[in-house]
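The values are calculated or read from the model by the stated rules, or taken from the named source; none is laboratory data. The structure presented is a predicted model; accordingly, all values stated were derived computationally and were not measured. Every residue, glycine as well, gets a Cβ built from its backbone with ideal geometry; the counts of neighbours run over all protein chains shown. What goes into the accessible areas is simple: the full protein's heavy atoms, side chains included, and nothing from ligands, DNA or RNA. Shrake-Rupley method; radii C 1.70, N 1.55, O 1.52, S 1.80 Å.
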Amino acid sequence: MQPLESGRRRVVMEGIRPQVDGGRFAMKRIVGDGVVVEADVFTDGHEELAVKLQHRHEDESEWHELPMVPLGNDRWRGEFSVHRLGRHRYRIESWVDRFLSWRHDLEKRAAVGQDLHVDLLIGMELVRAATQRASGIDSQRLAQFAERIAAEGSFQSSSPSTRCAVAAHADLLALMDRYADRTLATMSHEIPIAVDDERAAFSAWYELFPRSYGKEIGQHGTLQDAIARLPYIAEMGFDVLYLPPIHPIGRAFRKGKNNAATADPSDVGSPWAIGGPEGGHKAIHPQLGTTDDFHALVAAAADRNIELALDIAFQCSPDHPYVREHPNWFRGRPDGTIQYAENPPKKYQDIFPFDFECDDWRALWEELTSIFLFWIEHGVRIFRVDNPHTKPFAFWETCIAEVKRVRPDAIFLSEAFTRPKIMYRLAKLGFTQSYTYFTWRNSKQELTEYFTELSQSALADVFRPNLWPNTPDVLHSYLQTGGRPAFIARAILAATLGANYGIYGAAFELLEHAPREPGSEEYLNSEKYELKRWEFERPDSLRELLARLNRIRREHAALQRNGSVTFHAIDSDQLLAFSKQAAIGDDKVLVVVNLDPHQTHSGWLELPAEYADGCEAIDLLATSAFRWHSPRVYIELNPQTAVAHVFHLRR
């Protein structure tokens, strides 16, 4: 049974939005974003309610407060903006406002000419009670209003109509609102908001293996060689340079070319088999360079408005110092050996997973968290996390919270190609961005359903997609068989459907499409296991297209967020049409893509309703313009000449 005092709190709150799992997890926003809050707030009877929206940053002691406005049917709305990085909170407070209720009834009685003497005395008592909650000049002003309503002192000759006018005075209303009786107010729970900076919401990633960029064929590349590639990356407009693990690579059970179980002495191994005699997760592979070289790369990238992202893979080669120094951090087998990674029937003898449930788990968790903090001290704040779904949820919640405490603008990209609920849980736990199923969504129906779910459902408050048409691990059959038009289509879709997107560089713009074997999504001669030599000056390179796409993204605010994507009818199963609208202003981009890389397709497109009476459509890919004067327009796309249109619509 509730305490009697709680029973006197008559206001009910329901349907508070937005929130994630009842406020258990923080919703995501960007600095400068508005937060629109709605809730059902009501009480028994016919009395008036005061409903207030309160918010604060986590390091503020005082709440900022603003009124919520009624929308009808007991639904209320308020909005505030978040202007600082870090955690914010909001809550709703509401109470039966006896003064507003009294004023409302007074107006109705006055309208029909009833005797108002007693009613005005009731109002006087309500105002006098407020003088006790106020102080200083405000208390004095309230006392004067009470006298005027009661017609006391020098106001004794005031008429009822004059006294009613006093009750409606704007200054009195403001004072009574400021010093309302909140003794029996109902307070909602506090709802958290994680506020990140702009790059968390809008970024273009380029993945590069520095070791493949040696000056001579067969020469191991260095971080200095990566610096030499920065102008090329900057010219294409990418603002995040993502490096696979840069640490020493183990020799024990090293994999050979194409993931062969036996390596030749010259094989360089997988960067994800982390650790050797030279060090582990806090060391740099000696063939890549030194700490000074790493700092030089961070600085040189920053000069070109590019940030460095590091791959964090919590696993070890058998040669990692952790294996020698902390064998209890790994799971032993009955024969005395350490359990290597497996995904039966596949075996990864070159990798030992951590045992997050070991007896020394606290020390293990602290050490792994310190890896992020170590690289933050060396100028990195963006991390791509390898296979986070194979580590405990509780670890990520505590780890990310600690890193964010030190560096509130840290960005974590979750590389979890797994079941949806697990992917979404990781986002709730604090991962800033997430890989998606985009790579495997290729039909019109698949793309429409998936991106409607990501952008229009409650997922949009917590799950930020980062779209990758390829990765070093995934070469989809669409790219294997579709030729250059397939790469163009996927690049345009990734760059326009997603505010965050990335490519496994060189392999993508140079159209790498040969699988290791039929039916495989692994690359033939994968860069994961050998040094590559890329021909960047090939005439069929997509570098110019990628540069144009990234320039379009920077120039059009409509493409810088995910929530506004709307799919439009076009009578062809192979043509996908969608638009995106800027949150502020009238920037509108309409994209039409031919999903079939082999055949020409055409159809009649239904324009967004607001442009049905006529508009100008500027094709940002072809730099041509059209004037449309009807709600339906004819679109034809030949994949050999124009895979897609990206239109800027203007009325």
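Has region 526-537 got at least one residue that is closer than 26 Å to Asp267 by Cβ and hydroxyl-bearing (Ser, Thr, Tyr)?
Yes, region 526-537 contains at least one residue that is closer than 26 Å to Asp267 by Cβ and hydroxyl-bearing (Ser, Thr, Tyr).
Name the residues in region 214-247 that are without any contact (Cβ under 8 Å) to a residue 60 or more places away in the chain and either open to solvent by less than 40 Å² (accessible area, probe 1.4 Å) or at positive phi (or both), would you?
Asp225, His247
Name the strands (runs of 3 or more DSSP E) wholly within region 568-609 that hold at least 1 residues that are under 15 Å from Thr448 (Cβ atoms), among the hydroxyl-bearing types (Ser, Thr, Tyr) and touching a residue at least 24 places away in the same chain (Cβ under 8 Å)? Give the steps one after another, and end with the answer.
Numbers: elements: 575-581, 588-594, 601-606.
Correct list: 575-581.
Out of Ala625, Ala612, report the one residue that is out of contact with any Phe, Trp or Tyr (no Cβ under 8 Å at 6 or more places or on another chain), open to solvent by less than 30 Å² (accessible area, probe 1.4 Å) and not polar (S, T, N, Q).
Sole residue among the options that is out of contact with any Phe, Trp or Tyr (no Cβ under 8 Å at 6 or more places or on another chain), open to solvent by less than 30 Å² (accessible area, probe 1.4 Å) and not polar (S, T, N, Q): Ala612.
Here's a check for you: in region 571-580, which residue that is open to solvent by 10 Å² or more (accessible area, probe 1.4 Å) and not charged (D, E, K, R) is nearest to Asn500 (Cα to Cα)?
Looking at residues that are open to solvent by 10 Å² or more (accessible area, probe 1.4 Å) and not charged (D, E, K, R), I get Gln574.
Please state which of the following conditions His285 fails to meet, knowing it meets all the rest: (1) under 15 Å from Trp375 (Cβ atoms); (2) touching a Ser or Thr at 6+ places or on another chain (Cβ under 8 Å).
Only one criterion is unmet by His285, namely (2).
Those residues that are part of a helix (DSSP H, G or I) and closer than 17 Å to Asp473 by Cβ, I need them from region 371-425; list them, please. Full working, then the answer.
Keep residues of region 371-425 that are part of a helix (DSSP H, G or I), which gives 371-377, 388-390, 393-406, 420-425.
Pro388, His389, Thr390, Met423 - these are the residues of region 371-425 that are part of a helix (DSSP H, G or I) and closer than 17 Å to Asp473 by Cβ.
For region 532-567, name all the residues that are open to solvent by 30 Å² or more (accessible area, probe 1.4 Å) and in a loop (DSSP other than H, G, I, E, B).
Lys532, Arg533, Trp534, Glu535, Glu537, Arg538, Pro539, Asp540, Arg561, Asn562, Gly563, Ser564
Give region 46-84 a look and list any residue that's farther than 19 Å from Val20 by Cα and of a type in the set (A, V, I, L, M), or say none.
Leu49, Ala50, Val51, Leu66, Met68, Val69, Leu71
Checking Tyr348 against (1) at pLDDT 95 or above; (2) of a type outside the set (Val, Ile, Thr); (3) under 34 Å from the mean Cα position of the chain (by Cα); (4) crowded, with 17+ Cβ neighbours inside 10 Å: exactly one of these is not met. Which one?
All conditions pass for Tyr348, except number (1).
So Glu512 clears everything in (1) open to solvent by 10 Å² or more (accessible area, probe 1.4 Å); (2) within 25 Å of Ser572 (Cα to Cα) except one condition, right? Which one?
All conditions are met except number (2).
Output the number of residues of region 121-172 satisfying the condition of being open to solvent by 30 Å² or more (accessible area, probe 1.4 Å) and in contact (Cβ under 8 Å) with a residue 60 or more places away in the chain.
Adding up the residues that qualify gives 1.
How many residues does region 618-638 contain that are farther than 17 Å from Ser579 by Cα, out of contact with any His (no Cβ under 8 Å at 6 or more places or on another chain) and part of a loop (DSSP other than H, G, I, E, B)?
4
Out of region 24-45, which residues are touching a His at 6+ places or on another chain (Cβ under 9 Å) and either assigned to a strand (DSSP E or B) or farther than 19 Å from Thr432 by Cα (or both)?
Matches in region 24-45: Arg29, Val35, Val37.
Looking at Val35 and the list (1) touching a residue at least 24 places away in the same chain (Cβ under 8 Å); (2) surrounded by fewer than 19 Cβ atoms within 10 Å (Cβ to Cβ), which single condition is not satisfied?
(2)
To keep it simple, each residue is scored yes or no on (1) part of a loop (DSSP other than H, G, I, E, B); (2) open to solvent by less than 80 Å² (accessible area, probe 1.4 Å); (3) modelled with pLDDT under 95; (4) not hydroxyl-bearing (Ser, Thr, Tyr).
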| site | (1), (2), (3), (4) |
| --- | --- |
| Arg10 | yes, yes, yes, yes |
| Glu62 | yes, no, no, yes |
| Gly78 | no, yes, no, yes |
| His88 | no, yes, no, yes |
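Looking at Arg182 and the list (1) surrounded by fewer than 19 Cβ atoms within 10 Å (Cβ to Cβ); (2) in a helix (DSSP H, G or I); (3) in contact (Cβ under 8 Å) with a residue 12 or more places away in the chain, which single condition is not satisfied?
Status for Arg182: all satisfied but (2).
Which ones in region 259-283 are part of a loop (DSSP other than H, G, I, E, B) and either free of Cβ contacts under 8 Å to residues at least 24 places away in the same chain or among the hydrophobic types (A, V, I, L, M, F, W, C) (or both)?
Ala260, Ala261, Thr262, Ala263, Asp264, Pro265, Ser266, Val268, Trp272, Ala273, Ala283
Can you tell me which residue among Ala617, Ala644, Ala583 is surrounded by 13 or more Cβ atoms within 10 Å (Cβ to Cβ) and within 17 Å of Arg490 (Cα to Cα)?
Sole residue among the options that is surrounded by 13 or more Cβ atoms within 10 Å (Cβ to Cβ) and within 17 Å of Arg490 (Cα to Cα): Ala644.
Listed here are the residues, each with its yes/no results for (1) touching a helix residue (DSSP H, G or I) at 6+ places or on another chain (Cβ under 9 Å); (2) closer than 21 Å to Tyr523 by Cβ; (3) modelled with pLDDT of 95 or more.
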| position | (1), (2), (3) |
| --- | --- |
| Pro248 | no, no, yes |
| Gly256 | no, yes, yes |
| Gly269 | no, yes, yes |
| Ala273 | no, yes, yes |
| Pro286 | no, no, yes |
| His295 | no, no, yes |
| Asp303 | yes, no, yes |
| Leu310 | yes, no, yes |
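Look at Phe487 and say whether it is aromatic (Phe, Trp, Tyr), open to solvent by less than 30 Å² (accessible area, probe 1.4 Å) and assigned to a helix (DSSP H, G or I).
yes
Anything in region 609-651 that is farther than 22 Å from Leu549 by Cβ and in contact with a Cys (Cβ under 9 Å, 6 or more places away or on another chain)? List them, or say none.
Arg627, Trp628, His629, Arg651
For region 503-517, state whether one or more residues are part of a strand (DSSP E or B) and out of contact with any Pro (no Cβ under 7 Å at 6 or more places or on another chain).
yes
Suppose we filter Arg441, Arg464, Arg425 for residues that are in contact (Cβ under 8 Å) with a residue 24 or more places away in the chain, open to solvent by 30 Å² or more (accessible area, probe 1.4 Å) and either within 21 Å of Phe209 (Cα to Cα) or in contact with a helix residue (DSSP H, G or I) (Cβ under 9 Å, 6 or more places away or on another chain) (or both); which single one remains? Talk me through it step by step, then tell me what you get.
Values: Arg441 fails: in contact (Cβ under 8 Å) with a residue 24 or more places away in the chain; Arg464 fails: open to solvent by 30 Å² or more (accessible area, probe 1.4 Å).
Step by step, each of Arg441, Arg464, Arg425 is checked, and only Arg425 is in contact (Cβ under 8 Å) with a residue 24 or more places away in the chain, open to solvent by 30 Å² or more (accessible area, probe 1.4 Å) and either within 21 Å of Phe209 (Cα to Cα) or in contact with a helix residue (DSSP H, G or I) (Cβ under 9 Å, 6 or more places away or on another chain) (or both).
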